[in-house]
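Following: one structure in structure tokens, then a few remarks.
The values are calculated or read from the model by the stated rules, or taken from the named source; none is laboratory data. Owing to the predicted nature of the structure, the values given are computational and were not obtained by experimental measurement. Because the Cβ atoms are built from the backbone with ideal geometry, glycine has one as well, and the counts that use them run over all protein chains shown.
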Amino acid sequence: MVAVVRFPKTGERRRQWEVALRRDGFVSSGRTLLCSEYFRSEDFDRTGQTVRLKDGVVPTVFNFPAHLQRPEATRSTTTSRRAEDEPQPNVVSILNVAKTREMVIDFRRVRTSLLPLCILDVAVVEDYKYLGVHLDNGLNWRINNDAVHKKGMSRLYFLRKLRYFHVCSKMLEIFYRSVVASALFFAPVCWGGSIRAGDTSRINKLIRKAGSEGL
């Protein structure tokens with residue numbers, strides 16, 4: 001059934017309809033009508049007794065002449081056109097099994113054994129190092145805190161060596177901030193809120209040791 005609809009009364013929405021018609025110098029009025037054939041079927045609300053347009057719709061069904069049609073974007077290179085024509089591979093088929101791990105984090109009070117996802121040959125692990133942070137399936141950060149302390153102690157050794165060779169305090173401070181502190185305070189937003197009192201004491205003790213090296 002073909003019907004006519006009246007142009008919107010609001011200025012912004014009326015302007016969108018005018019632009020969609022692509023007619024130079026066209027200005028609608030409060031009495032301007034438009035054929036319903038310019039709208040898609042899903043643009044109409046047919047739930048009530050009266051069929052009406054949904055809020056915010058714009059006429060999109062037009063048969064413009066060639067000089068008014070918008071050119072479609074095309075691929076410019078042979079490689080891009082080939083990529084467009086070839087079917088995209090499944091995500092599972094391009095999964096790097098050697099670098100993929102599965103970790104189950106379960107906070108239920110009564111824990112039962114869960115079946116693994118069994119994605120190809122992906123290994124199920126209890127902890128994993130990701131972007132320099134050690135994650136474990138309990139999110140207690142114990143493994144990460146141990147790694148942070150161990151890394152800080154190893155780098156503190158080089159700070160002591162610099163002091164042994166009588167390097168000035170300014171250079172010692174620069175070395176501490178760039179090498180030692182960068183390891184101690186890496187990603188504390190992740191593990192700082194759940195750190196244990198014993199781990200906090202160990203890290204604070206390490207920082208005090210660095211201060212005793214002439215900083």
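Numbers at a glance
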read-out	value
Residue that is nearest to residue 55 (Cα to Cα) [pool: residues in the stretch 1-26 that are of a type in the set (A, V, I, L, M) and within 44 Å of the chain's Cα centre (by Cα)]	5
Hits in the stretch 166-215 (condition: closer than 16 Å to residue 142 by Cα and aromatic (Phe, Trp, Tyr))	185, 186, 191
Residue pairs meeting the criteria (Cβ under 6 Å; at least 6 apart or on separate chains; first farther than 16 Å from residue 17 by Cα, in the stretch 39-67; second exposed (fewer than 12 other Cβ atoms within 10 Å of the Cβ) and modelled with pLDDT of 80 or more)	45/54
Failed condition for residue 129, given (1) at pLDDT 85 or above; (2) over 30 Å from residue 178 (Cβ atoms)	(2)
Qualifying residue in the stretch 162-174 (condition: touching a Cys at 6+ places or on another chain (Cβ under 6 Å) and either small (Gly, Ala, Ser) or modelled with pLDDT of 80 or more (or both))	no
From 164, 176, residue being within 26 Å of residue 210 (Cβ to Cβ), among the hydroxyl-bearing types (Ser, Thr, Tyr) and either in contact (Cβ under 8 Å) with a residue 12 or more places away in the chain or outside the structural domain of residue 207 (by TED's automatic domain parsing) (or both)	176
The stretch 30-44, residues that are farther than 14 Å from residue 3 by Cα and at pLDDT 80 or above	42
The stretch 1-48, residues that are among the aromatic types (Phe, Trp, Tyr) and surrounded by 13 or more Cβ atoms within 10 Å (Cβ to Cβ)	7, 17, 38, 39, 44
